[in-house]
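Read the structure below first, then the notes.
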Amino acid sequence: MVEPTLENWRAADDFLAETLVGHDRALEAALAAQREAGMPEIEVAPVAGKLLNLLVRMSGARRVLEVGTLGGYSTIWMARAVGEGGRVVTIEAEPDNAAVAQRSIDAAGVGDRVDILVGRGADVLPTLEGKEPFDLVFIDADKESNTLYLDWAARLGRPGTVVVLDNVGRDGEIVNPGSTDSKVLGTREGLRMLGEDPRFDATALQTVGLKGWDGTAIALVV
Ligand code: DHB
Ligand code: MG
């Protein structure tokens, strides 16, 4: 039997990525640029990037909102999926990250369909009100603000908007009642909101792989 260790989760994830995702110069260059800039290597795994790409295409999303650009890896995956004439608006709090992401997104050839808005989500999201609704929202930023971002996802979406929330497993800490980790508390509050807020119908899947034991929540704005 293969033991369920982090190393083996990674090996299996590598196999899935090799088998189903393959290699892509622009995406790998974006990761290299992120690493060279000293940014944290917390982008979505290749299999998850591909999942975002498929979700955008399956839902027919043309307008995508991302909270948390980091180095633009997930942004590129989604920008490819919205197609020509589609748009990805992505919010990044760190100007240095945004600059790295902009270069990688341009190098990937999708700069014309991506708007990077630099600032805190709490400040930038209200500026998007009154525009065309977003069809898909990917939340992958500071976990402490998950409920705020989910509220804005509902407000800036429409019935039928798909909402994806990253990192909902957190090594199982979501069921540690003694946790005082603000990221864990924010994650749990986000999940509670997805369960209780009548604007959402949601589920979540735990994952193991490249990023350890984690998970992703998926919601529909109803
Ligand atoms: C963290 C954030 C992420 O978005 C992620 O995918 C993994 C870890 C973090 O802040 O710990
Ligand atoms: Mg994440």
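The values are calculated or read from the model by the stated rules, or taken from the named source; none is laboratory data. As the structure is a computational prediction, the values presented were derived from the model and not from experiment. Quick reminder, even Gly has a Cβ in these numbers, built from the backbone with ideal geometry, and neighbours come from all protein chains shown.
When the range 168-216 is filtered for residues that are under 17 Å from GLY157 (Cβ atoms) and in contact with a Ser or Thr (Cβ under 7 Å, 6 or more places away or on another chain), the ones remaining, listed by number, are GLY190, MET193. GLY60 fulfils the conditions (1) surrounded by fewer than 18 Cβ atoms within 10 Å (Cβ to Cβ); (2) within 22 Å of ASP135 (Cβ to Cβ); (3) touching a helix residue (DSSP H, G or I) at 6+ places or on another chain (Cβ under 9 Å) except for a single criterion, (3).
Exactly one residue out of GLY86, GLY111, GLY72 is at pLDDT 95 or above, at positive phi and out of contact with any Phe, Trp or Tyr (no Cβ under 6 Å at 6 or more places or on another chain), and it is GLY72. Residues considered: PRO159, PRO126, PRO177. Of these, the only one that is in a loop (DSSP other than H, G, I, E, B), farther than 21 Å from LEU205 by Cβ, away from ligand 1 (no atom under 16 Å from the Cβ) and free of Cβ contacts under 8 Å to residues at least 60 places away in the same chain is PRO177.
Candidates LEU150, LEU65, LEU125: the one that is more than 30 Å from SER179 (Cα to Cα) and at pLDDT 95 or above is LEU65.
Of the residues THR180, THR187, which single one is β-branched (Val, Ile, Thr) and within 20 Å of ALA48 (Cβ to Cβ)? Steps first, answer last, please.
Working: THR180 fails: within 20 Å of ALA48 (Cβ to Cβ).
So the residue among THR180, THR187 that is β-branched (Val, Ile, Thr) and within 20 Å of ALA48 (Cβ to Cβ) is THR187.
Determine, yes or no, whether THR75 is within 12 Å of ligand 1 (Cβ to nearest atom) and buried (at least 18 other Cβ atoms within 10 Å of the Cβ).
Considered against the rule, which asks whether it is within 12 Å of ligand 1 (Cβ to nearest atom) and buried (at least 18 other Cβ atoms within 10 Å of the Cβ), THR75 comes out as no.
Every condition in (1) of a type in the set (D, E, K, R); (2) away from ligand 2 (no atom under 16 Å from the Cβ); (3) under 23 Å from ILE76 (Cα atoms); (4) free of Cβ contacts under 8 Å to residues at least 60 places away in the same chain is met by ASP214 except one, and the failing one is (2).
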